[in-house]
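Below is one structure; the comments refer to it alone.
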Ligand code: B12
C-alpha cells in the first residue's frame, strides 16, 4: 500500500561533516556581501537548504527512508530530512529530501553559452532571406526516432507559435514543412532532399538511455553521407535535456534547449545564411537553383 510520510525522517545532525569545514564558514551570501560566492536559501537567507527528489529500488519502509538519508549525506546534504516518501509500486520508493547543502557556488566560475547572433524581428528575418536567397528559405521539421513529443517542434514551427510569438510558419519568407512525430532518419533525409531543404529542425524530448544523443548522431551522420561535403542543410536540434554546447560532438550546427522561442530560431537561421562557417557553402550558391524550385 502506498503511504505518504507523515512526519519527516531526519538524519543525525550530530557529526559535523568535513563539508562544513574549509571555505564554507559563516553563512555569507552574494546578496549579503556582494560576494561572488553564494549558497542556496531555504528557510533563512544563506542557510544552504535545498530540496532534491529521487527514487530508490526498495519498498517503502523505515529502512528505505534511512537509505534515502544515507544517500543525501553522501550528496553533501546534512542534516537532512525525508519530507515525502511514496511507494512507486511494490519495489520502489520516491523521495523528496530537504537538507543543508555543504556546497558553495562561485559565480565567477559559471560558464554560460551566450547567444552568438542578434535577435531579429520577423520583418528583418524576411529581409535577410530575400537579400541572401531571393527565394524562400525552406525549413523542414520533425521529431525523429520513436519520439512522439511534438509540442516542442510545433511551438517553434506552428503559426500559433509559443510564448506570445508567432511560429516560423507565420514568417513570409520561410517555407515550412513539419513532418510531425516518429520520423525515421532515412525518411527525414529523403524529405530534406525532396524539398531541397535549407535547414532541418529536429526535436528530441525523450532522453531515456541517451536516445536523444544516439538519434541525433545517427541523423547528422546520415546527412553527411547523403550530401556532398559542405552542402548539407543547416542541422538544428532542440529539446529540454540537450547540452547546448554539444553541437560539434553531435555533428549538428546548433542546439536549442528549453525556453527557446521561434524568433531565436528564425534569427539563428538567417544569421547562418548570411555568415556561413568556413567549409560550408552558402545555401544559395551550393545546390539551390531558384529556377528549378518552381518545378516541385
Ligand atoms: C506532453 C507530454 C507527452 C505527450 C506528448 C504529446 C505531444 N504531441 O507532444 C504524450 C502523452 C504522448 C507523452 C508520451 C510519452 N512521454 Co511524455 N511528456 C509530456 C510532458 C508532460 C510535456 C512535454 C511538453 O510538451 N513540453 C512543452 C514543450 C513546449 O517543451 P519542450 O518540448 O521542451 O520544447 C521547447 C524547447 O525544448 C525547445 N525545443 C524542443 N524541440 C525543439 C526542436 C528544435 C528544432 C528547436 C529549435 C527547439 C526545440 O523549444 C520548445 C519551446 O521552448 C513531459 C513532462 C514535462 N513536464 O516536460 C513528459 C515527458 C517528456 N514524457 C516522458 C515520457 C517517459 C513519455 C513516455 C515514454 C511515457 C510512456 N511510458 O509511455 C511516452 C513516450 C511517447 C513517445 N513515443 O515519444 C518523460 C521523458 C523522460 C526522459 N527524460 O526521457 C517526461 C519528461 C515526463 C517524465 N518526467 O517522466 N508525453
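A compact table of results
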quantity: Qualifying residue in the range 121-129 (condition: away from the ligand (no atom under 16 Å from the Cβ) and not in a helix (DSSP H, G or I)); calculated: yes
quantity: Number of the exception - residue 56 against (1) more than 15 Å from residue 98 (Cβ to Cβ); (2) at pLDDT below 95; (3) touching a helix residue (DSSP H, G or I) at 6+ places or on another chain (Cβ under 7 Å); calculated: (2)
quantity: Qualifying positions in the range 228-249 - within 14 Å of the ligand (Cβ to nearest atom), surrounded by fewer than 20 Cβ atoms within 10 Å (Cβ to Cβ) and in contact (Cβ under 8 Å) with a residue 24 or more places away in the chain; calculated: 240, 241, 244
quantity: Filtered residue count, the range 131-156, keeping only those that are more than 8 Å from the ligand (Cβ to nearest atom), outside any loop (DSSP other than H, G, I, E, B) and in contact with a strand residue (DSSP E or B) (Cβ under 8 Å, 6 or more places away or on another chain); calculated: 6
quantity: Checking residue 115 against (1) within 14 Å of the ligand (Cβ to nearest atom); (2) under 20 Å from residue 274 (Cβ atoms); (3) surrounded by 14 or more Cβ atoms within 10 Å (Cβ to Cβ), the condition it does not meet; calculated: (3)
quantity: Test: residue in the range 203-212 that is without any contact (Cβ under 8 Å) to a residue 12 or more places away in the chain, surrounded by fewer than 16 Cβ atoms within 10 Å (Cβ to Cβ) and more than 16 Å from the ligand (Cβ to nearest atom); calculated: no
quantity: Residue selected from the range 267-296 under the condition modelled with pLDDT of 95 or more and in contact with a helix residue (DSSP H, G or I) (Cβ under 7 Å, 6 or more places away or on another chain), by the criterion farthest from residue 210 (Cα to Cα); calculated: 270
quantity: Residues located in the range 157-186, provided they are assigned to a strand (DSSP E or B), in contact with a strand residue (DSSP E or B) (Cβ under 6 Å, 6 or more places away or on another chain) and within 14 Å of the ligand (Cβ to nearest atom); calculated: 174, 176, 177, 178, 183
quantity: Single residue of 200, 206 found to be in the same structural domain as residue 271 (by TED's automatic domain parsing) and modelled with pLDDT of 95 or more; calculated: 200
quantity: Candidates 191, 218, 225, 264 - the one that is more than 14 Å from the ligand (Cβ to nearest atom), under 21 Å from residue 168 (Cα atoms), in a helix (DSSP H, G or I) and modelled with pLDDT of 95 or more; calculated: 191
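The values are calculated or read from the model by the stated rules, or taken from the named source; none is laboratory data. Note that the structure is predicted; figures quoted are calculated from it, not measured. We place every Cβ from the backbone using ideal geometry, glycine too, and count neighbours over all the protein chains shown.
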